[in-house]
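The values are calculated or read from the model by the stated rules, or taken from the named source; none is laboratory data. Since we're looking at a predicted model, the values are computed, not measured. As a convention, Cβ positions derive from the backbone with ideal geometry for all residues, glycine included, and neighbour counts pool all protein chains shown.
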Amino acid sequence: MKNIKNIISFIIMSLVLVSCEDKGLENVDWLKDPNFPNPLTINLSKKEVVLVKDNDDVNAITFTWTQANDRGEGTSLTYFFRMDIQGKNFSEGLPPEEITAVTEEVPAGVFTKSYTVGELNSLLLKKFKRPGGVVTDLEVQIIARVNNSVQFQKPEVSTSSFAVTSFSPGPLPLFMVGDAISGSWDYTTGKSLPEKTERTIYNFIGNFSVGEFKVIRNPGSELPSYDPAPENKIVYNQTEPRTADNVFKVTKAGRHYFYMDIEQKTYALGYFPYDKLALVGKSVDGREWDKDNPKQMTWDRTNVEVFTCKVKLGPGEIKIFVNNPDWNGEFLMPVVAGTPINGSASDDTRVKYVANGHPDDKWLITAEGDYEVTVNTAKMTIVFKKL
């Protein structure tokens, strides 16, 4: 299978663009859709499919298609199979984050594709984001792209649809165990890891101690477990006992964010003392000292400890609300009152946490301009980068 995004883009271009040498057109009808007595046709083994739990390995549906028509001497054909929710036009023209279409290049000589109950149900729940127990109308398409043609030829395309009823596989409880989270390595006393998306996404925000922990499936048993791997990946471990290399490590006591995606095999773990940060002050983008309209900073779970924002700053004072805008509440402030900021590498990057608004210390913006502001809550640093 090739990169899905590239394949989709290529197919769309093939449907609408000319790609030929400047030798003149040999066929004045070259932009018309192919019209053959025996056109490419996709067939479905069923038009209505009901998926049943515990039948994961049973065939759910099979697609077959006829061989596309020969397009001339020296040409060859490459087939692509597509499937998406009906009415989405196979996600054409959508931004990457909204694309749901499944697109696969079919190996040469293959004219069939099947899905098992488990495969199709997983696709519905995780790719198409459909809940269990509902009927979803899906559309399928086979495309025969023409290769090595002297002039561009539109591909043969055949489309069909079917309805499928998914099922919920039920929750998959996971537990965190270790001296960093449950106080010991007693596998019967694990702390529940909240399940946000069924059997896929888990997320916990809470206090950790300095130490280590594992994620296990069965209380009282070390294995199987989901263990950390390089580059924030996770691996499913059924055989290897605990070592210093297959545990999650916490190096700073306090509130942390822990996120795990079993489907994508990724995780994020980091110090997370604050839910929200927001800039307030005379210098902030014309907002002045309006506590109801501060400049919110953004946060990304791939870099848990860091908040950022891009903002226009003018001359004047600035400080940072923590969590909720309250003049007597929590703030991040400079270590020294009136710390000057001009967007250079010599700026003082130190930050302190103030619980009740006092002392009321502020940064002083001395150089007007567009800035990228970055706060690292673990290191307690702030960088005002002039753009």
Worksheet item: Right, Glu104: over 17 Å from Asp137 (Cα atoms), among the acidic types (Asp, Glu) and in contact with a strand residue (DSSP E or B) (Cβ under 9 Å, 6 or more places away or on another chain) or not?
Response: yes
Qualifying residue in segment 245-261 (condition: among the β-branched types (Val, Ile, Thr), in contact (Cβ under 8 Å) with a residue 60 or more places away in the chain and over 15 Å from Gly206 (Cα atoms)): yes
Of those in segment 157-183 that are in contact with a Gly (Cβ under 8 Å, 6 or more places away or on another chain) and of a type in the set (S, T, N, Q), the residue surrounded by the fewest Cβ atoms within 10 Å (Cβ to Cβ) is Ser168
Residues of segment 58-74 being modelled with pLDDT under 95 and either surrounded by fewer than 13 Cβ atoms within 10 Å (Cβ to Cβ) or of a type in the set (Val, Ile, Thr) (or both), in sequence order, are Asp70, Glu73, Gly74
Here the residues within segment 324-350 that are in contact with an Asp or Glu (Cβ under 8 Å, 6 or more places away or on another chain) and closer than 16 Å to Met380 by Cβ are Met333, Pro334, Val335, Val336, Thr339
Taking segment 194-210 and keeping only residues that are surrounded by 15 or more Cβ atoms within 10 Å (Cβ to Cβ), among the charged types (D, E, K, R) and in a strand (DSSP E or B), one is left with Glu195
Just one listed residue, out of Gly93, Gly72, Gly118, is farther than 25 Å from Ile262 by Cα and within 29 Å of the chain's Cα centre (by Cα), and it is Gly93
Of the conditions (1) surrounded by 15 or more Cβ atoms within 10 Å (Cβ to Cβ); (2) closer than 30 Å to Ser76 by Cβ; (3) of a type outside the set (Ser, Thr, Tyr), the single one that Asn147 does not satisfy is (1)
*Does Pro219 satisfy the criteria of being under 23 Å from Glu263 (Cβ atoms) and surrounded by fewer than 19 Cβ atoms within 10 Å (Cβ to Cβ)?*
no
Among (1) free of Cβ contacts under 8 Å to residues at least 60 places away in the same chain; (2) surrounded by fewer than 19 Cβ atoms within 10 Å (Cβ to Cβ); (3) over 19 Å from the mean Cα position of the chain (by Cα), Ser225 falls short only on (2)
Checklist entry - Does any residue of segment 107-115 turn out to be surrounded by 12 or more Cβ atoms within 10 Å (Cβ to Cβ), modelled with pLDDT of 95 or more and within 25 Å of the chain's Cα centre (by Cα)? => result yes
Subset of segment 343-387, residues surrounded by 13 or more Cβ atoms within 10 Å (Cβ to Cβ), part of a loop (DSSP other than H, G, I, E, B) and under 34 Å from the mean Cα position of the chain (by Cα), comes to Gly343, Thr349, Thr377, Ala378, Lys379, Met380
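Residue by residue, here is whether (1) more than 28 Å from Thr251 (Cα to Cα); (2) more than 26 Å from the chain's Cα centre (by Cα) holds:
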{"position": "Phe152", "(1), (2)": "yes, yes"}
{"position": "Ser158", "(1), (2)": "yes, yes"}
{"position": "Phe162", "(1), (2)": "yes, yes"}
{"position": "Gly190", "(1), (2)": "no, yes"}
{"position": "Ile201", "(1), (2)": "no, no"}
{"position": "Ser209", "(1), (2)": "no, yes"}
{"position": "Glu212", "(1), (2)": "no, yes"}
Considering segment 79-88, residues that are outside any loop (DSSP other than H, G, I, E, B) and of a type outside the set (Lys, Arg), and then whichever is farthest from Thr200 (Cα to Cα), we arrive at Tyr79
